[in-house]
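Right, one structure below, let's go through it.
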Amino acid sequence: MQKNTITMAKVSKVAQRYMTARKVKTAFTLAEVLITLAIIGIVAALTIPTLIQNYQERAWGTASRVFEQKLEEALKVMNTQATLAGYNTTQSFVFELANHLKITKICKNDNLTECFDEKIYWGAGDAEPEEVNMAEIKTSTYFGLEDWETETVGLQFADGVTALVAYNPDCRQDPFSNQITGTDCIAMLYDVSGYKAPNTSNKDLYALNVSRLGKLCALEFNGKCFGRPFLPNPLTYEECKELQGQLGLKYCYKWFDNNVFAGAAKRCGGQDNITSRADMAEFMNYIYNTDVFKSDSKGYFDGGKYLTLNNDRYKEIFGKDFENNEDFYWTSENYTSKQFSWMFHPYTHDVLIDPDPHDLEYYGLDYKIYAMCVYN
């Protein structure tokens, strides 16, 4: 019996040593713990930013959908109340929109960056985002909507969204129709994170009816961007007076109800953005491939003798060959609807500078009135 007792004691001690050995064997060393923590840190460093970015992008996308839903609901209500259409300016439309959507601040056209970030990064589709100075986005033309000819206005909404918006004067409404959403009545660039970074398209920056953002240069020289020539829609005297201060117009003639110069200023975002005499001299030198035109040029240049219009350069700017009709340009030094500064003669390609309207009527010239916007 005693022998068995001794034997069991020995077995118990052996088992105890074995269990102790197992405990020692299964514990982590300090080195192993540090290595494990390092691996966890590396994995976290690689995955957490991606997870955060994905979460942030989903949050931006959700904010965008919510904002556009609220905007569409407000426009539908305006359609039902017959307050959606009939505005000549974006600002007039925005004042009505504020009755249906919580807008905390409205910034006029000359102070857009009080409501919107001064610089953003924009790239439509898969294009690499490029820096854009938002203080220059003055008209719907900068949204790729040349035919609207309205100014942009800055907005801040109660939910923190900031935006630039332009209104479509051809917007239609039908209070009895549930099919009109009103979304085709505006073009809008909006940032769901307000002034916070990254202010970048495809992230926190979204667009509604914006086909492009920035200038479209038909011609660039001497550090200036010249837009493609266009036929402006004339303004009435009342319309001219309403926009006179905003466009920087010196005069609105009461006896002119078809002020094409004011119409050009409206499209270009102000009188200062219409070609000056110096601009026109450079432009004429370019398309005639000469250097004879000066900013103080006056009178008549005989194209039949020494001037030949360069059709390739003309086509580059107009997008078409020169035709036998009149193309007129005027400058910021003229303020009436009948005074033009530069003119192509329809058949000889001569150039008249400051032509007398009575002379044009006397010769029975069938002319078109063109203008160009110019930007520094």
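Every read-out reported here was derived from the displayed coordinates using simple, explicitly stated rules and does not represent laboratory data. Computed from a prediction, not measured in an experiment: that's the story for all the values here. Cβ placement follows ideal geometry from the backbone for every residue including glycine, while neighbour counts extend to all protein chains displayed.
Values computed for the structure shown
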item: Region 190-288 shape via C-alpha gyration tensor axes, a/c threshold 1.5; result: oblate
item: Nearest-0.05 FRET efficiency for D184 and T47, computed from C-beta distance (R0 41 Å); result: 0.45
item: Antiparallel bridges, percent of DSSP beta bridges restricted to region 151-278 (to nearest 5); result: 95 percent
item: Length added when fully stretched, Y300-D147, from 0.36 nm per residue minus Cα-Cα; result: 51.7 nm
item: Packing rank of 263-274, 162-173, 311-322, 86-97, where each peptide gets the mean count of other beta carbons within 10 Å, highest leading; result: 263-274, 162-173, 86-97, 311-322
item: For peptides 141-147, 117-123, 194-200, sequence by mean Cβ density within 10 Å, most packed first; result: 141-147, 117-123, 194-200
item: Nitroxide proxy distance, nm - points 7 Å out along Cα→Cβ at A218 and T236; result: 2.9 nm
item: Gain upon complete extension [Y195, S177; 0.36 nm per residue less C-alpha separation]; result: 2.7 nm
item: Relative contact order %, region 48-208, counting alpha carbon pairs below 8 Å whose residues are six or more apart; result: 26 percent
item: Student exercise, region 48-208 dipole from Lys, Arg, Asp, Glu Cβ charges, in Debye to nearest 20; result: 640 debye
item: Spin-label model distance (nm) - T104 vs E131, 7 Å beyond Cα toward Cβ; result: 2.8 nm
item: Cα centroid separation, region 131-204 to region 227-297 (Å); result: 26 Å
